[in-house]
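The values are calculated or read from the model by the stated rules, or taken from the named source; none is laboratory data. Please read these numbers as outputs of a predicted model, since none were measured by experiment. We place every Cβ from the backbone using ideal geometry, glycine too, and count neighbours over all the protein chains shown. Surface accessibility is based on the protein's heavy atoms, side chains included, excluding ligands, DNA and RNA. Shrake-Rupley method; radii C 1.70, N 1.55, O 1.52, S 1.80 Å.
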Amino acid sequence: MTQTQNATPPRTGSGAPPFPGAKATVLGTLATTVSLLVLVALGEATGSLLMIAPLAATAMIICSTPALPPAQPRNVLLGQVGSGVLGLAAVALFGHSLWVAAVAAGLSVAVMLPLRALHAPAAATAALAVLQHPAPLRFLVLLALGSALLVLVGLIASKAGVIAKYPTYWW
């Protein structure tokens, strides 16, 4: 098999992926930070800072790995909202506990895979819905709005040349 036929790119040094470079690191960090500041502004405006943790992970995925499937709008929106609904359903059926939160986070995979919307931070959203006491409709609306804002920030950052092309596909 020749080098051009090899589907696996050559690795450097320890087998770790190559360093993306200082510019990509600085710009990805800047885009992620701006995304998080947008979320904090939304949380402050609505008096609801509940979703900062899982959406922070979403912001990082969009801004640092914009071409990967978990960063795409479908995965972000359906993964987050579907897992939020699952977490709220778990609370309605079994109440608030760490045990229920763990099961809801695990079962979020059963929601995301059939939707073809795998998004790892959404498992934390399911757990968060169980551990907090959010008003369900408000929680879901703010979760959807926060997710959509992160997609929008990713799109703007991409158009401005701050991050790589985003999104790779919309739906």
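Counting only residues that are touching a Gly at 6+ places or on another chain (Cβ under 8 Å), outside any helix (DSSP H, G or I) and not aliphatic (A, V, I, L, M), region 113-138 holds 1 of them. In this structure, is Ala110 more than 16 Å from Phe139 (Cβ to Cβ), small (Gly, Ala, Ser) and outside any helix (DSSP H, G or I)? No, not satisfied.
The one condition from (1) under 25 Å from Ala157 (Cα atoms); (2) crowded, with 17+ Cβ neighbours inside 10 Å that Ala104 does not meet is (1). Failed condition for Lys165, given (1) of a type outside the set (A, V, I, L, M); (2) in a helix (DSSP H, G or I); (3) open to solvent by 40 Å² or more (accessible area, probe 1.4 Å); (4) within 24 Å of Leu37 (Cα to Cα), with all others met? Condition (2) is where Lys165 drops out.
Would you confirm, using the coordinates I've provided, whether Leu68 is at pLDDT 90 or above and open to solvent by less than 60 Å² (accessible area, probe 1.4 Å)? No.
Of the residues making up region 139-149, those that are open to solvent by 20 Å² or more (accessible area, probe 1.4 Å) and touching a helix residue (DSSP H, G or I) at 6+ places or on another chain (Cβ under 8 Å) are Leu140, Ala144, Leu145, Ala148, Leu149. Quick check: is even one residue across region 88-96 in a helix (DSSP H, G or I), closer than 19 Å to Leu55 by Cα and of a type outside the set (Gly, Ala, Ser)? Yes.
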